[in-house]
Amino acid sequence: MDNNFQSAYQEEKERLAGTLREIDSVLERLRGIPVYTGHDYTEQVLEDAREQRRKDLAKLKPQPYFGRLDFQENGEEEPKALYIGKIGVDSEQVSDRPLVIDWRAPVASLFYSFTGGLDAAAYEAPEGLVEGLVYLKRNVVIRQEILERVADTFNRDSDAPAVSDEFLVYRLGENKDNKLRDIVSTIQEEQDKIIRAAKNTALIIQGVAGSGKTTVALHRLAFLLYQYKEQVTAEKMIIFAPNRMFLDYISDVLPELGVGNIAQSTFPDWAAGVLEVELPEQDTQQTLNAWFETEGGMPEITDETPGRFKGSTALMGVIEDAVKGLEAEAVPPGDFSPWDGALLRRSMILKWHNEEYRPYPPAKRKERVMARLHRWIEMELKKSPSLAALKDRKKKAAAREKQYAAKWPKYEPLTIYKQMFGAVKAPEGIAEAASAVIPKAVQKETAAALKKGQIREEDLPPLLYIHYLLNGGEGTLRFDHIVIDEAQDFSPFQIAVLDLYVKGHSFTILGDLSQGIHAYKGVHAWEEMQALFAPEHTAYHALTRSYRSTMEIIDFANVILAEGVHSPLLAVPVFRSGNPVRVLSFAEAAPAGAEETRLAAVRGALAELSGDGREYRTVAVLTRTLREAEALHAGLADQYAGLNLIDGRMTEYRGGLSVLPVYLSKGLEFDAVILADADKGHYGEAAWDAKLLYVGCTRALHELWLLHSGNLPSYVRPPSGEERL
């Protein structure tokens with residue numbers, strides 16, 4: 001340990017001790033103040049502030065801060081040491097600076113954007129640009145109040161070279177558990193720009209595997225709540241993720257950042273709630289079989305593939321015409337007579353519908369007209385000459401009012417949707433207009449499914465749009481911000497509909513086209529989404545640096561990306577080296593023994609992976625199909641207690657050793673990954689097959705093994721020749 005490091009370590013140790021003493025002192029004082037339970041509003045506000053400070057200090061204490069920045073603002077006599085943590089806390093002993101600065105504060109942006117050099121640095125503050133000199137940038141690791149590590153990434157007064165990646169590599173080398181963690185201590189400059197981007201923007205982020213897209217989006221939510229605290233609330237934000245297990249996987253990040261009450265959902269679950277329908281539970285293997293487990297590979301995808309067509313905005317015009325057509329013919333023909341001798345002219349009903357209630361959407365307009373008609377009946381009933389006449393008129397009026405209401409269009413999204421596709425009889429004009437736009441194959445397949453009562457995920461955006469046109473946004477939460485993860489699997493129609501439910505086009509849309517394995521429903525280019533917004537309301541960022549995997553894994557996966565997927569956007573690795581990727585062949589087997597041979601190969605690989613002092617917390621065995629995952633799980637379960645089978649129905653990722661099909665691994669990451677069947681029989685030469693294999697390879701943080709029975713795809717290049725098990 002050199003003298004400079006020893007001095008820095010001792011300095012930080014003393015500073016930490018002082019910080020902890022101050023936290024303890026303030027906590028003791030705050031806890032000594034009796035909790036106010038009265039009804040005085042001012043005292044309630046003061047008590048809420050005290051309670052929040054108690055919680056913040058208690059949360060801060062185990063790890064008060066993670067970074068230090070010595071910054072001398074222009075006009076100041078000397079630099080000030082600014083300590084940056086997850087929560088900002090004012091000092092009661094030092095008046096000119098906080099005890100800890102919140103990582104989201106403007107000055108803290110310097111900690112992320114400053115990468116060295118002797119030139120002046122600057123940050124944007126509410127009062128304008130603040131310029132000055134950075135003298136020191138230091139990372140510190142504190143766990144449970146103990147200082148574990150000090151690393152200077154810049155020191156103006158030292159001749160020692162900067163080690164900007166040293167701390168990052170140290171943190172990336174840590175093993176995974178079963179939850180995604182925050183990256184607040186290692187946010188990089190390009191990530192920080194996205195996190196701090198303006199609120200009212202549809203931000204589209206293309207990021208290679210391991211670039212931190214999901215984590216960046218979650219940190220962006222925390223930043224928006226800090227920066228725009230008067231304009232946004234956590235209760236009016238939502239995260240859309242690909243499945244419920246992934247939601248569980250990311251569930252700890254926001255609480256770690258001190259943020260709660262942000263809704264997290266899948267799009268189908270949220271849409272079903274808005275539409276007040278129950279989606280039929282479909283078996284995972286049945287649902288995905290047509291695309292991921294079909295013999296001979298993926299069916300051909302065109303713009304007339306049902307998922308692609310129904311996800312395009314072409315259907316929006318058909319829906320608008322259908323709703324307008326129903327609205328124009330909504331008022332039934334003829335006058336209304338509740339009983340003989342009483343008459344309400346159709347011209348008056350039309351006046352109510354077309355003029356007085358015109359600002360209302362169709363379903364609400366119908367409700368208003370029928371309520372007005374009911375009040376007119378009540379007024380007319382008061383003119384009855386006798387009780388007997390009143391009783392007779394009431395009975396007739398009730399029956400005729402019900403008959404009249406039945407003549408109006410059924411403003412039900414599912415009914416209109418069925419009419420468009422010919423699943424039920426449609427009013428004149430609707431079926432003809434729909435058939436002019438909807439391809440016959442799509443119309444036929446959708447009608448058949450709807451007649452069986454099947455509502456598919458691809459049907460939800462059109463149904464939501466019909467619901468919105470009929471009812472407006474009434475009764476539905478309008479969000480301040482929406483995060484969409486794995487957005488390459490979303491359709492333009494989904495985004496267009498969600499834009500109706502968010503203020504100011506405020507989106508964070510993130511994904512990776514190279515991982516677009518759901519190409520039958522998702523986008524093939526980000527321009528499909530950018531086209532939905534005016535240029536001033538959208539921005540695009542590309543994250544090419546991968547922080548997840550070792551250089552060896554990223555270099556191996558980049559070959560698949562370049563030669564198999566044919567993507568020009570390759571991952572740039574952080575300088576973190578590890579074991580070489582291993583490509584191992586096992587003995588050819590007759591069909592009857594193929595599964596047993598593969599099982600033996602996986603057993604051997606797992607045995608070798610657990611040797612040499614490796615202590616991996618999360619290991620995944622990835623197969624091409626769910627059937628093969630089930631077979632492997634059954635074969636390994638007797639040897640590995642607690643072995644998980646991930647089949648798409650799980651709502652919680654438990655860590656440890658897991659077996660799952662490759663297409664369900666997207667979004668997750670593991671210390672070590674074994675691809676159990678990386679041969680050409682499972683992954684063909686099509687770009688889609690290469691994407692699947694690329695997804696599997698890029699789940700690995702530290703170790704990647706590919707097993708095969710011979711005949712590798714052309715885009716799989718063993719780094720040092722093939723090995724045999």
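Give the residues of region 355-373 that are surrounded by fewer than 16 Cβ atoms within 10 Å (Cβ to Cβ) and assigned to a loop (DSSP other than H, G, I, E, B), sorted by residue number.
Residues satisfying the conditions are Arg358, Pro359.
Name the single residue that is nearest to the chain's Cα centre (by Cα) among those in region 440-467 being in a helix (DSSP H, G or I), surrounded by fewer than 19 Cβ atoms within 10 Å (Cβ to Cβ) and not aliphatic (A, V, I, L, M).
Across region 440-467, the extreme among qualifying residues is Glu445.
In the list Ala217, Ala202, which residue meets the criterion of being surrounded by 15 or more Cβ atoms within 10 Å (Cβ to Cβ), within 29 Å of Arg654 (Cβ to Cβ) and either touching a Cys at 6+ places or on another chain (Cβ under 7 Å) or at pLDDT 90 or above (or both)?
Step by step, each of Ala217, Ala202 is checked, and only Ala217 is surrounded by 15 or more Cβ atoms within 10 Å (Cβ to Cβ), within 29 Å of Arg654 (Cβ to Cβ) and either touching a Cys at 6+ places or on another chain (Cβ under 7 Å) or at pLDDT 90 or above (or both).
Assuming Leu82 fulfils every condition listed in (1) surrounded by fewer than 22 Cβ atoms within 10 Å (Cβ to Cβ); (2) out of contact with any helix residue (DSSP H, G or I) (no Cβ under 7 Å at 6 or more places or on another chain); (3) modelled with pLDDT of 90 or more apart from one, which condition is it?
(2)
Looking only at region 641-673, count how many residues are closer than 21 Å to Val208 by Cα and aliphatic (A, V, I, L, M).
5
Just one of Ala271, Ala263, Ala241 is surrounded by 20 or more Cβ atoms within 10 Å (Cβ to Cβ), of a type in the set (Gly, Ala, Ser) and over 15 Å from Glu486 (Cβ atoms); which is it?
Just a single option satisfies the conditions, and that option is Ala271.
Count, please, the residues in region 121-158 that happen to be loosely packed, with under 14 Cβ neighbours inside 10 Å, in a loop (DSSP other than H, G, I, E, B) and without any contact (Cβ under 8 Å) to a residue 40 or more places away in the chain.
3
Which ones in region 658-673 are over 15 Å from Ser514 (Cα atoms) and of a type in the set (A, V, I, L, M, F, W, C)?
Hits for region 658-673 are Val659, Leu660, Leu664, Leu668, Phe670, Ala672, Val673.
Determine, yes or no, whether Phe533 is part of a helix (DSSP H, G or I) and in contact with a strand residue (DSSP E or B) (Cβ under 7 Å, 6 or more places away or on another chain).
Spelling it out, it is not the case that Phe533 is part of a helix (DSSP H, G or I) and in contact with a strand residue (DSSP E or B) (Cβ under 7 Å, 6 or more places away or on another chain).
Regarding Val583, is this residue farther than 30 Å from Glu304 by Cβ, assigned to a helix (DSSP H, G or I) and at pLDDT 90 or above?
No: the conditions fail for Val583.
If you check Pro385, Pro338, Pro332, Pro359, which single one turns out to be in contact with a Leu (Cβ under 9 Å, 6 or more places away or on another chain) and either in contact (Cβ under 8 Å) with a residue 24 or more places away in the chain or not aliphatic (A, V, I, L, M) (or both)?
Pro338
From the list Ala496, Ala562, Ala557, pick out the single residue that is assigned by TED's automatic domain parsing to the domain that holds Ala678, touching a Ser or Thr at 6+ places or on another chain (Cβ under 9 Å) and in a helix (DSSP H, G or I).
Result: Ala557 is the single residue among Ala496, Ala562, Ala557 that is assigned by TED's automatic domain parsing to the domain that holds Ala678, touching a Ser or Thr at 6+ places or on another chain (Cβ under 9 Å) and in a helix (DSSP H, G or I).
Go through region 49-72 and give me each residue that's assigned to a strand (DSSP E or B) and of a type in the set (Gly, Ala, Ser).
Across region 49-72, the qualifying residue is only Gly67.
Only residues that are of a type outside the set (D, E, K, R), assigned to a helix (DSSP H, G or I) and surrounded by 15 or more Cβ atoms within 10 Å (Cβ to Cβ): list them for region 375-403, please.
Hits for region 375-403 are Trp376, Ile377, Leu381, Ala397.
So for region 243-250 (the condition being modelled with pLDDT of 90 or more and either part of a strand (DSSP E or B) or out of contact with any strand residue (DSSP E or B) (no Cβ under 8 Å at 6 or more places or on another chain) (or both)), does at least one residue qualify?
no
Considering every residue within region 711-719, establish whether at least one is over 28 Å from Val572 (Cα atoms) and outside the structural domain of Thr266 (by TED's automatic domain parsing).
yes
Filter region 87-118 down to the residues that are at pLDDT 90 or above, of a type in the set (D, E, K, R) and part of a loop (DSSP other than H, G, I, E, B) and list them by number.
The answer is Arg104, and nothing else.
Can you tell me how many residues within region 499-514 are assigned to a helix (DSSP H, G or I) and surrounded by fewer than 24 Cβ atoms within 10 Å (Cβ to Cβ)?
7
Residue pairs, Cβ under 8 Å, 6 or more apart or interchain, first in region 52-79 and in the same structural domain as Gly260 (by TED's automatic domain parsing), second crowded, with 21+ Cβ neighbours inside 10 Å and aliphatic (A, V, I, L, M). List them.
So the pair list comes out empty.
Please specify each residue of region 80-108 satisfying the condition of being free of Cβ contacts under 8 Å to residues at least 24 places away in the same chain, within 28 Å of the chain's Cα centre (by Cα) and closer than 14 Å to Lys137 by Cα.
Result: no residue meets the conditions.
In region 389-422, which residues are at pLDDT 95 or above and β-branched (Val, Ile, Thr)?
Hits for region 389-422: nothing passes.
With the requirement that a residue be closer than 21 Å to Ala105 by Cβ and touching a Leu at 6+ places or on another chain (Cβ under 7 Å), what does region 195-211 give you?
Ala197, Lys199 - these are the residues of region 195-211 that are closer than 21 Å to Ala105 by Cβ and touching a Leu at 6+ places or on another chain (Cβ under 7 Å).
Give Lys61, Lys55 a once-over and let me know the one that is closer than 30 Å to Tyr112 by Cα and at pLDDT below 90.
Going through Lys61, Lys55 in turn, the sole match is Lys55.
Just the residues that are surrounded by fewer than 21 Cβ atoms within 10 Å (Cβ to Cβ) and outside any helix (DSSP H, G or I), please, taken from region 468-493.
Gly472, Gly473, Glu474, Gly475, Thr476, Leu477, Arg478, Phe479, listed by residue number.
Please work out which one of (1) buried (at least 17 other Cβ atoms within 10 Å of the Cβ); (2) touching a residue at least 40 places away in the same chain (Cβ under 8 Å) is the condition Val437 fails and give its number.
The single condition Val437 does not satisfy is (1).
The values are calculated or read from the model by the stated rules, or taken from the named source; none is laboratory data. Please read all numbers here as calculations on a predicted model, not as lab measurements. Counting neighbours? That spans all protein chains shown, and the Cβs are built from the backbone with ideal geometry, glycine included.
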